[in-house]
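These notes are about the structure you will find just below.
The values are calculated or read from the model by the stated rules, or taken from the named source; none is laboratory data. Treat the numbers as computed from the prediction; the structure is a model and nothing was measured. Neighbour counts are summed over all protein chains in view; Cβ atoms, including those assigned to glycine, are modelled from backbone coordinates with ideal geometry. Remember, those area values only see protein heavy atoms, side chains included, never the ligands or the DNA or RNA. Shrake-Rupley method; radii C 1.70, N 1.55, O 1.52, S 1.80 Å.
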Amino acid sequence: MVRKALLVFMVLMLGCLHLHAQLATVSGTVVAAADGQRIAGASVSDEGRTVAVVTNDDGYFVLKMDSLPRAIVVSHLGYRTQRVLLSAGTSGLTVRLRPASVQLSELLVVADDPRQLVQKAIGRITHNYPRQPELYHCFYRETAMKRQHFITVAEGVLDMYKSAYGRGMGRDRVAIRKGRRLLSPKRSDTLSVKVLGGPMGAVVLDMVKNPDFLLNDEDLDNYDMKMEAPQVIGDRQQYVVSIMPRRQLHYALHTGRLYIDRQTLAFTRIELSLDMSDREKATRAILVRKPLGVRFRPREVTFLVDYHTDGDVWRLSYVRTQFRFNCDWSRRLLATSFTATCEMVVTSMADAQGVQPIRGRDSFDQRDAFFDKVEYFRDPDFWQDYNIIEPTETLDKAIERIVRKY
């Protein structure tokens with residue numbers, strides 16, 4: 001038995017290097033040209049944007065395609081879009097992004113009244129976003145850290161069905177194609193606290209499609225708005241509107257920024273942080289359940305939602321949520337800090353012909369835990385030709401340690 005377990009472990013470690021021979025792969029690191037700082041969350045796609053990924057926290061990416069494109073396109077907030085020709089090689093690339101400048105004189109800020117600008121952007125939603133149902137292929141990962149150590153990892157490939165924008169999110173569904181999970185075997189690492197999130201979070205946090213979250217008159221009346229310095233995303237100039245709670249309510253509000261494309265008035269990026277001024281309200285907003293005897297204390301909750309365009313239509317491309325909290329046990333003197341992160345990237349889109357809704361029995365339910373729906377790390381060739389957010393170096397090492405203990 002021991003010999004067999006050792007063999008499985010060795011195959012698993014070797015298998016992470018395996019790629020199907022018929023795939024064309026492009027890999028590299030995205031850095032800031034000025035200082036070489038690695039850039040996390042940069043969008044990387046083939047030139048036609050049929051396949052896309054984002055860089056991990058180390059700035060690293062791997063893009064897998066059926067055939068090698070002539071070029072890849074890399075973009076990030078505040079930087080010029082970089083088109084990289086692939087004739088010089090397809091692995092170990094270093095993509096250097098240069099800051100983008102915005103001519104303030106060019107931006108006639110509609111917007112001595114930022115609320116009016118936001119209202120105009122809301123009015124353009126049905127024009128700027130898909131008017132037909134679409135099916136996206138996505139990669140999803142959730143992790144939990146105890147202090148600086150990973151204690152759980154779960155990740156998978158998902159299908160996400162979205163009906164036309166302007167028709168609500170009632171039929172929007174997520175289905176798991178395949179997934180895997182890993183849990184630290186140390187009993188002291190067991191965390192029975194459940195916070196909001198999961199694969200359905202990408203449906204709920206698509207605020208352009210789900211106006212009940214923020215972009216409706218009743219909720220917007222609770223915020224003060226201010227025009228901030230304009231920014232550039234993907235070589236497109238953006239208005240930036242910051243929001244701050246105007247009043248105290250019985251539930252927690254948010255602070256954040258709304259990015260609005262100057263040309264189309266589409267929402268392109270939404271950054272929010274849960275207001276922590278009242279910890280009880282913040283707890284009610286995110287805590288699903290916890291064991292008796294555990295005190296839950298939220299420290300920070302952030303949401304990031306990105307959209308990309310093919311030139312005509314804007315689509316959801318990346319969603320990330322992060323929860324930082326402390327847990328106190330009645331018999332322990334010191335609180336333990338935890339960080340839970342969920343992120344999902346749309347890697348490709350199914351052919352528009354014949355897109356069908358995901359059936360209810362096949363869909364992931366908001367009450368479900370993703371961790372309970374997938375298998376343990378076993379298959380050495382698990383990802384095959386799927387595009388994923390590459391694990392960071394620290395996550396890779398954590399996975400190796402946990403698998404070794406198993």
Inset, instruction - Please tell me the relative contact order of the chain in percent, rounded to the nearest whole number, where contacts are Cα pairs under 8 Å and at least six residues apart. - result: 20
Legend entry - Percent carbon-and-sulfur accessible area, the range 124-179, ignoring ligands, DNA and RNA, probe 1.4 Å: 46
Legend entry - Accessible surface, the chain, averaged per residue in Å² (probe 1.4 Å): 51
Inset, instruction - Would you work out which of VAL26, THR264, PHE296 lies farthest towards the positive end of the dipole of the chain? Charges go on Cβ: Lys and Arg +1, Asp and Glu -1. - result: PHE296
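Ordered by packing density, taken as the mean number of other Cβ atoms within 10 Å over each peptide's residues, highest first, how do 251-260, 141-150 rank?
Values: 251-260: 20.4, 141-150: 18.0.
The most tightly packed comes first, giving 251-260, 141-150.
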Legend entry - Gain on full stretching of the segment that runs from GLU218 to GLN353 - 0.36 nm per residue minus C-alpha separation: 44.8 nm
Inset, instruction - Could you order peptides 389-398, 264-273, 214-223 by the average number of other Cβ atoms within 10 Å of their residues, highest first? - result: 264-273, 389-398, 214-223
Legend entry - Projected label distance in nm at THR394 and THR94, using a 7 Å step from Cα toward the beta-carbon: 2.3
Legend entry - Within the chain, helix-based [θ] at 222 nm, where runs of 4 or more DSSP H residues each add -39,500 (n - 2.57), nearest 500: -4000 deg cm²/dmol
Legend entry - Other-chain or far-sequence residues with amide H under 5 Å of ARG80's (modelled H): ARG98, ALA100
Legend entry - Rounded if a/c under 1.5, otherwise prolate or oblate - the range 209-350, Cα gyration tensor axes: prolate
Legend entry - Centre separation in Å (Cα based) which lies between the range 369-406 and the range 171-235: 22
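Could you order the peptides 231-244, 300-313 from most to least packed, using the average number of other C-beta atoms within 10 Å per residue?
Those peptides, ordered most packed to least, come out 231-244, 300-313.
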Legend entry - Net charge dipole size for the chain [Lys, Arg +1 and Asp, Glu -1 on Cβ; Debye, nearest 20]: 1560
Inset, instruction - Quote the FRET efficiency, to the nearest 0.05, computed for ARG38 versus SER273 with a Förster distance R0 of 22 Å and r equal to the Cβ-Cβ distance. - result: 0.40
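Leaving ligands, DNA and RNA out of it, report the carbon-plus-sulfur percent of the accessible area of the range 283-346 at a 1.4 Å probe.
50
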Inset, instruction - Could you order GLU400, GLU134, GLU155 so the one with the most accessible surface comes first? Probe is 1.4 Å. - result: GLU400, GLU134, GLU155
